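Everything below concerns the one structure shown next.
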Amino acid sequence: MGRPKVKIRGIYTTGLTKLLLDSHCSIAYPSREVLSRFGIKGSDSPTVDVSILDRSDRQGVILEGDPERTAEVMEALRNGLFDVVSRRVTPPENKDTAIYDAEFPFLSKASLDRIRGEVVPTLEGHHRLRIIASEYVDLVEKEVEKYPFKMRKMEEVVKKRVLFDPLERGKDLRIEHVKPEGKVIQLQGGKITSLSDDKKEMFIRRALKGGRYDGLGLAIDKGDYAITRVKEGDWLVKHSYYSTEGDLKGEYWNINTPVEFYPEKIRYVDLHVDVVMKGGGKPEIIDRDQLERLEEAGYIKGELARKALQVAEGLMLSQHPEL
């Protein structure tokens, strides 16, 4: 006989449920919705190997349970979601319980949208939109379930109303810079100075405080400011740093998981490797070793680490073809 299925309790989202069922897990105590959508029966045994709960910010889930079985579920998520970030909260030597924090960046949410769409009608951007306006999204998807021909039109309406209408020139916007290890850094925000017609690309002017510019070895002087360019779904965020007189002091391309737009902020997970260039100088890739350590420590998988390095190297060539 093969190894028994991992018995899981606590998940209610359709996309995550399907991903784990397809990974040969079983659902203990399934919700009524799970029973109806998947036609499954709950486990006959009250024993549960792994519990899964939504994170409070709804940007991922917390896994807790038997160390070996919990690691199996985390590996299923790593196999199914390209940019998922895996953080083991409990030390490996803990033999009784393991806790993992699984972060779902842009591509993970998109994959869960696609998987959910194989079961029920699903708006593009479902998992991100529900973070912003869950009840509204639920109502719209119930409508689309009755009238599937409305899908494309309703996707446009919901994204415009929930996500893009709030983004306007002059609006204050935060930058949520998430470290793979779990720390969330609120970078100095600023005002939107320009937007593309579809509102998927913007420039933000940010006043800078004292200190030093990371990777440039330069002091931040009084009156310095940054023009930050962000594009939804892009693998990088570009910061151009200027003196109070408007002279370019340097540029910094942060490599990250694809950028997510929200009404009050942008969000991404930093991948440590970056490209920097002093004003008038040549670009260079920095912190390759930190990217390698992320992979070695198991925070990200090898494919994501290689993608980050590919973005950095491609940026060098695109900015300076002679290199």
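Side notes on the structure shown:
- For the set Lys209/Lys282; Lys109/Lys142; Lys191/Lys238; Lys109/Lys153; Lys249/Lys282, the pairs lying more than 18 angstrom apart at their alpha carbons are Lys209/Lys282; Lys109/Lys142; Lys109/Lys153.
- Gain on full stretching of the segment that runs from Asp198 to Lys183 - 0.36 nm per residue minus C-alpha separation: 2.2 nm
- Selection of trypsin sites (Lys or Arg not before Pro), the range 44-110, meeting DSSP coil and at most 10 other Cβ within 10 Å: Lys95
- Ratio Rg/Rh, restricted to the range 158-307 and using Cα atoms, in which Rh is the Kirkwood radius: 0.97
- As computed over the range 121-164, the Cα convex hull volume per residue (Å³): 53
- Here the spin labels are modelled as points 7 Å beyond Cα on the Cα-Cβ line, and at Glu156 and Asp221 they lie 5.0 nm apart.
- With the simple spin-label model, which puts each label point 7 Å out from Cα in the Cβ direction, the Glu93 to Ser23 separation comes to 2.8 nm.
- Kirkwood analysis of the range 6-105, using all unique Cα-Cα pairs, places the hydrodynamic radius at 13.6 Å.
- Each principal axis of the Cα cloud of the chain was taken in turn, and the coordinate range along them, longest first, works out to 71, 50, 35 Å.
- Cross-link pairs exceeding 20 Å between alpha carbons, from the set Lys222/Lys265; Lys179/Lys307; Lys18/Lys146; Lys160/Lys199: Lys222/Lys265; Lys18/Lys146.
- Were the residues from Lys209 through Lys146 laid out at 0.36 nm apart, the gain over their Cα-Cα distance would be 17.3 nm.
- Cβ-derived FRET efficiency at R0 35 Å, Val119 paired with Asp165, nearest 0.05: 0.75
- Between the range 203-245 and the range 287-314, the alpha-carbon centres lie 24 Å apart.
- Among Ile300, Ile131, Ile204, the largest mean-square fluctuation in a Gaussian network model of the chain, built with springs joining Cα atoms closer than 10 Å, belongs to Ile131.
- Sites Arg229 and Ser36 - FRET efficiency at Förster radius 41 Å, r taken between beta-carbons, to 0.05: 0.35
- Part-to-part distance (alpha-carbon centres) for the range 116-150 and the range 69-90, which is given in Å: 26
- Per-residue [θ]222 nm for the chain (sum of -39500 (n - 2.57) over DSSP H runs n ≥ 4, rounded to 500): -9500 deg cm²/dmol
Read-outs throughout are calculated quantities, based only on the coordinates presented, and are distinct from any laboratory measurement. This structure is a prediction, so every number in the text was calculated from the model and none was measured. Cβ: placed from backbone, ideal geometry, glycine included. Neighbour counts: every protein chain shown.
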